[in-house]
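All of the numbers you see were taken from the coordinates with simple rules; none came from a lab. Please read these numbers as outputs of a predicted model, since none were measured by experiment. Positions of Cβ are backbone-derived with ideal geometry, glycine not excepted, and every protein chain shown enters the neighbour counts.
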Amino acid sequence: MADVKITCVANDVLEEISQYHFFQDDVEVGVAALPEFTVTGVAAGTHKYEVAAENVWGIGPKSDPVFTPPAPSKCGGVNISVVVNINVS
C-alpha cells in the first residue's frame, strides 16, 4: 500500500473556485479547498487520477488523466561516494 499525493495548478482567482474534486479510477476520493489531496492506502498497480474544480456554476470538467506506474521505476542518476577511513596510531 502507498500514499499518492495529487496536485494541480490552481485555477485563476477570477474563477472563484470554492473546492477541488479528486478522482481515482473514476471514483471521487476526496474534496478539498486547496488544489492538492493525498489518497492513502493505494494498492500497487496502475491507477488513473483526475481533478475537477468547482465554483458557483458547479463542478467543471475533469482534468486530463494521469496514471501511476504499474511497477516500481528504475532508479536513475545514482551517485556513489567513496569514503576512505585512515586510522592513525
Glu36 to Val83: FRET efficiency via 1/(1 + (r/R0)^6), r the Cβ-Cβ distance, R0 35 Å, to the nearest 0.05? 0.35
So which aspartates and glutamates pass the test for Lys48, namely a Cα distance under 13 Å, with those fewer than 8 places away in the same chain ruled out? Asp25, Asp26, Glu28, Asp64
Karplus-derived HN-Hα couplings along region 60-69 (A = 6.51, B = -1.76, C = 1.60, θ = phi - 60°), whole Hz, x at Gly and Pro: x, x, 5, 5, 4, x, 10, 10, 7, x
